[in-house]
Amino acid sequence: MISFIEAFQRELADEAKETRRMLAIVPADKMDWQPHPKSMIIKSLATHLAEIPLMIQFALERNKWDFADEPYSPADFPNAEALLARFNECVDLAQNALANASDDVLTDTWQLCSGNVIYLEMQRWEAIRHAFGQNAHHRAQLGVYLRLLDIPIPGPYGPSADEM
């Protein structure tokens, strides 16, 4: 039987392949496009998606991710190549954190917060699962954005309507 850490490593590798396929087709000329005034622009969404693996790294290497101590300020990625480079960097950081961890730390408590305001408090394994859920959610959201722009999208778990 494999360990939970090994299962997370495999899942990250598998999901990263599919996320790369989506980030690779983000159009540079539509980075400021948004489907609705309340929606993120495509650049912000794609950047967030590219950096989600950092949550796995931080869940394993820190007791908390505190925005009061370390404000999140995403870099400006002007095109798909830059998004992919950042995503690959974040995946590598997450895989390295997983490689240096063991199952016995997975029940330790971890927080996502800003000073005294706690957004999430959970065990480390739950934070890792949360990162995977965020990846699937925001990858699907990006798929809707791309579909609205008439850009054919890949299917992550089988062929999409564009691939049929």
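Every number in this text was worked out from the coordinates using simple rules, so none of it is lab data. Computed from a prediction, not measured in an experiment: that's the story for all the values here. A quick note on method: Cβ atoms are made from the backbone with ideal geometry, for glycine too, and the neighbour counts reach across all protein chains shown.
In square nanometres and to one decimal, what's the mean projected area of the convex hull around the Cα atoms of the chain?
Values: hull surface 41.8 nm².
Average projection, Cα convex hull of the chain: 10.4 nm².
Once R0 is set to 22 Å, what does the formula 1/(1 + (r/R0)^6) return for the Cβ-Cβ distance between residue 36 and residue 67, expressed as a FRET efficiency to the nearest 0.05? Numbers along the way, then the final one.
Details: r = 26 Å, r/R0 = 1.17.
About 0.30, to the nearest 0.05.
Residue by residue through segment 38-51, what is 3J(HN,Hα) from phi via Karplus (6.51 cos²θ - 1.76 cosθ + 1.60, θ = phi - 60°)? Round to whole Hz and write x for glycine and proline.
Running phi through 6.51 cos²θ - 1.76 cosθ + 1.60 with θ = phi - 60° gives 8, 8, 5, 6, 4, 4, 5, 5, 5, 5, 4, 4, 5, 9 Hz.
If each residue's Cβ is checked for other Cβ atoms within 10 Å, how do 17, 30, 38 rank with the fewest at the top? Each step should come with its number before you reach the end.
Working: 17 10, 30 15, 38 6.
Least to most surrounded, the residues fall as 38, 17, 30.
Apply the Karplus curve 6.51 cos²θ - 1.76 cosθ + 1.60, θ = phi - 60°, to the phi angles in segment 74-81 and return the couplings in whole Hz, x for Gly and Pro.
Each residue of segment 74-81 in turn: x, 6, 9, 9, x, 7, 4, 4 Hz.
Students often forget the sequence filter, so: which lysines lie under 16 Å Cα-Cα from residue 30 once same-chain residues fewer than 8 apart are removed?
The qualifying lysines are 43.
Pop a pseudo-label 7 angstrom from the Cα along the beta-carbon direction at both residue 104 and residue 118 and give the gap in nm to one decimal.
2.6
Do any trypsin sites (Lys or Arg not before Pro) in segment 59-155 lie in a DSSP loop with no more than 16 other beta carbon atoms within 10 Å, and if so, which? Let's see the in-between values first.
Details: sites: 62, 64, 86, 124, 129, 139, 147; in loops: 62.
Filter output for segment 59-155: 62.
Restricting the count to DSSP beta bridges whose residues both fall in segment 4-148, what percent are antiparallel, rounded to a multiple of 5?
So the antiparallel bridges amount to about 65 percent of the total.
Compute the longest continuous run of the chain that contains no exposed chymotrypsin sites (Phe, Trp or Tyr not before Pro); treat a site as exposed when its DSSP state is not H, G, I, E or B and it has at most 12 other Cβ atoms within 10 Å.
The longest such stretch corresponds to 73-156.
Let me know the charge dipole size of segment 4-148 about its Cα centre in debye, to the nearest 20, where only the beta-carbon of Lys, Arg (+1) and Asp, Glu (-1) is charged. All intermediate terms of the calculation are to be shown ahead of the outcome.
Values: 14 positive and 21 negative charges, 132 e Å.
Computed about the Cα centre, the dipole is about 640 debye.
With labels modelled as points extended 7 Å from the Cα through the Cβ direction, what inter-label distance (nm, one decimal) is found for residue 10 paired with residue 140?
Each label point is offset 7 Å from its Cα along the Cβ direction, giving 2.3 nm.
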